[in-house]
Structure formats: structure tokens, C-alpha cells
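See structure below.
The values are calculated or read from the model by the stated rules, or taken from the named source; none is laboratory data. Everything numeric here is computed off the predicted structure, so don't read it as measured data. Backbone-built Cβ (ideal geometry, glycine too); neighbour counts: all protein chains shown.
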Amino acid sequence: MRNKFISIAIILFLITSSSLLFFSCQNNTFNEDLEQAPENKKAIDQNGENNNDEDSDGEIEEEIFEDAELEEDPALIPEIPSIGIYNGQGSWYESVEAIKNFLDAYAIEWKVFDEEDAVNLDLKDHFDLLWFPGGFAAEYKNYIADHSKIINFVKEGGSFVGSCAGAYYAADILRWDGTDYAYPLRLFDGKATGPLYGQIAWGEIGTMILEAEHPANRGFNTEINMYYFDGPYFDSYEEDSIVVLARYETNQEPAVIAGSSGDGKYLLLGPHPEIGGYTAQDQDFNLDGREGAKWPWLYAALEWFAGWE
């Protein structure tokens, strides 16, 4: 009798073990199929023979997408800032339009703002970078009723780009034709001095000497030509307070500089790399990156400045 019970127990054990082994293998096979599903699905889709249930496909794709998001390293994803282009009183149409076209060409989003927005908007809620184009610095100074919003925007971590008039506007002192004028932003603690009478005339092409060791200048010739429209060079500054990206060949003074103000930073350009094709005879400009514009170099400078690389 005892042997009979032992035999029955052995038979039950074998049946149970076989069942467990069967279900275990089935589960492993299902998992392997799920892991291979994306590759198999892609091949089936390309051959036009996808017989899978749509709901099942959607679940698989969603799971894979979620896994991919978890695996991404945010530190490896460049952050392109939200750019505000000043187009209010004093701005120069050609410079504004060339900057818009330049940013569009590199798929960088932008919005415009004017002198009223500069006072009424909470700038840091809308922009990461403010770009003041060429134009008339005196009008920037006089028509923007309160400059503290821009000052605080930069000092609290924002970025500022100034082209020609925008560069004059950012300086502590604007020196024009030998006369000094105090300016309100004071992001650059020095003088923005111009124009370069007798050296480069308004609308002429000037040669810039790139600082060879600067990372933004890698891959470019040491000498690069840019259009000049009475922009500044930069002087009377503490030697270690700025980084020089380019100098005017004619006087060896800084033509493009970068520096910090509070927790923010600025990039100031005396020449106009965004503009090309000007001739004094027809008073025409090229604003789409051809005929003397230096968009690749400008992008490299901004890439370094804004940390897009």
C-alpha cells in the first residue's frame, strides 16, 4: 500500500513539473517575441504585410517610446534658447530682417519685441536671449523708458547679443566721434568707440582677424571679411573681463567680444556678419545669407556663446 502511494506521488510530481516547465518556456518565448517586435514590425511594414492587431502595435510602440525617453541623457541634448529680436524704435529694418532670416535658416525660433514690451513684459518668462540689432543706439537709450528690465534680465542669467547699435547700447560709455556719452545698460564695463573714420567707411567691407585659439573660430580662415556700418570697437576695459573673438585688421582693436554681467552674459559685434551684398551705387542689401554675409561664422559664434554645441 505504501509503495502505491509513493508511485502516485511520483506521477503527480512529474506532471506538475512538466506543466511548470511548459508555462515557463511559453512566458520566455513571449518576452523574446516582444523584445524583437520593433525590428520584426519594421520589416513587415516595409513589405506591406502587417497582419498584427493595431491596438497591440500601439501598445508595443508606446512602451518602446517610454523606454527610449528613460534612456536619454538630458545633458547630451542641446538647449536652443528662446530668442527675442528687438524691432522697436531705433532698430534698423535690414539688420532685423537679416537676423530673422539667419535664425530661420538654422531652424531657431524667435519672436520680436519693441520698446513697450521691453518695459511691460517679464522678459525672462518669454526669452532666454535678447538680440538688439543694428540701428540707432541713441534711440534705444531714449525710447526705452525703463532699462532696468533688460539689466535685470541679464544679471539674473539671461543672454544679450548686440549688433553694431546694439553693441553701443550695451556699453558703459558710448564714444562717438571723440565724445563720450554715458549709457544705461552698462553690461560691458568699457567704451564702445566709433566710427572708424578714415579706416573703414559706412557700407564697406572690413577685414577681421579671428582669434585663432578661440573655439568659435575653428575651421575658419584667420582673416574674414564682413560688412561694416559704423559699428564700434571696444576699449578701456579690464584685460580679464572679456573674451575677444575677432579684431579689426585696420587698428587691431577688438571687433567682437563676449563677457559676463551678474549671472548672465553678452556677445557684442561691431561689424554685421548677418548682412551681405551691399553696394553704394544701388543702395541694396542682401539679407538671405549670400554675397558677403558670414552666417556660418555667426552661427559658430552663437553656438559657442549660447552653449548650443
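Before we move on, is GLY231 part of a helix (DSSP H, G or I), at pLDDT 95 or above and surrounded by 23 or more Cβ atoms within 10 Å (Cβ to Cβ)?
In short, no.
Name, by its number, the condition in (1) touching a strand residue (DSSP E or B) at 6+ places or on another chain (Cβ under 7 Å); (2) buried (at least 16 other Cβ atoms within 10 Å of the Cβ); (3) farther than 17 Å from ALA255 by Cβ that does not hold for ARG186.
ARG186 satisfies all of (1) touching a strand residue (DSSP E or B) at 6+ places or on another chain (Cβ under 7 Å); (2) buried (at least 16 other Cβ atoms within 10 Å of the Cβ); (3) farther than 17 Å from ALA255 by Cβ except (2).
Looking only at the range 121-146, which residues are closer than 14 Å to GLY162 by Cβ and touching a Lys or Arg at 6+ places or on another chain (Cβ under 8 Å)?
none
Are any of the residues in the range 255-276 more than 22 Å from SER159 (Cβ to Cβ), part of a strand (DSSP E or B) and assigned by TED's automatic domain parsing to the domain that holds PHE160?
Looking for residues that are more than 22 Å from SER159 (Cβ to Cβ), part of a strand (DSSP E or B) and assigned by TED's automatic domain parsing to the domain that holds PHE160, one finds at least one in the range 255-276, hence yes.
I need a count of the residues in the range 261-298 that are closer than 18 Å to PHE160 by Cβ and crowded, with 16+ Cβ neighbours inside 10 Å.
Number satisfying all stated conditions: 13.
If TRP131 meets every condition in (1) assigned to a loop (DSSP other than H, G, I, E, B); (2) within 16 Å of the chain's Cα centre (by Cα); (3) on the phi < 0 side of the Ramachandran plot apart from one, which number is that one?
(1)
Residues are listed down the side, and each one gets a yes or a no for (1) of a type outside the set (Phe, Trp, Tyr); (2) touching a strand residue (DSSP E or B) at 6+ places or on another chain (Cβ under 9 Å); (3) farther than 30 Å from ASP189 by Cβ:
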residue: GLY264; (1), (2), (3): yes, yes, no
residue: LEU268; (1), (2), (3): yes, yes, no
residue: HIS272; (1), (2), (3): yes, yes, no
residue: ILE275; (1), (2), (3): yes, yes, no
residue: PHE285; (1), (2), (3): no, yes, yes
residue: GLY292; (1), (2), (3): yes, yes, yes
residue: TRP304; (1), (2), (3): no, yes, no
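Consider ALA192 carefully, then state whether it is assigned by TED's automatic domain parsing to the domain that holds VAL96 and either crowded, with 23+ Cβ neighbours inside 10 Å or assigned to a strand (DSSP E or B) (or both).
yes
Here's the yes/no breakdown for (1) among the polar types (S, T, N, Q); (2) surrounded by 18 or more Cβ atoms within 10 Å (Cβ to Cβ); (3) outside the structural domain of ILE108 (by TED's automatic domain parsing):
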{"residue": "PHE127", "(1), (2), (3)": "no, yes, no"}
{"residue": "PRO133", "(1), (2), (3)": "no, yes, no"}
{"residue": "GLU139", "(1), (2), (3)": "no, no, no"}
{"residue": "ILE144", "(1), (2), (3)": "no, yes, no"}
{"residue": "SER148", "(1), (2), (3)": "yes, no, no"}
{"residue": "TYR169", "(1), (2), (3)": "no, yes, no"}
{"residue": "TRP176", "(1), (2), (3)": "no, no, no"}
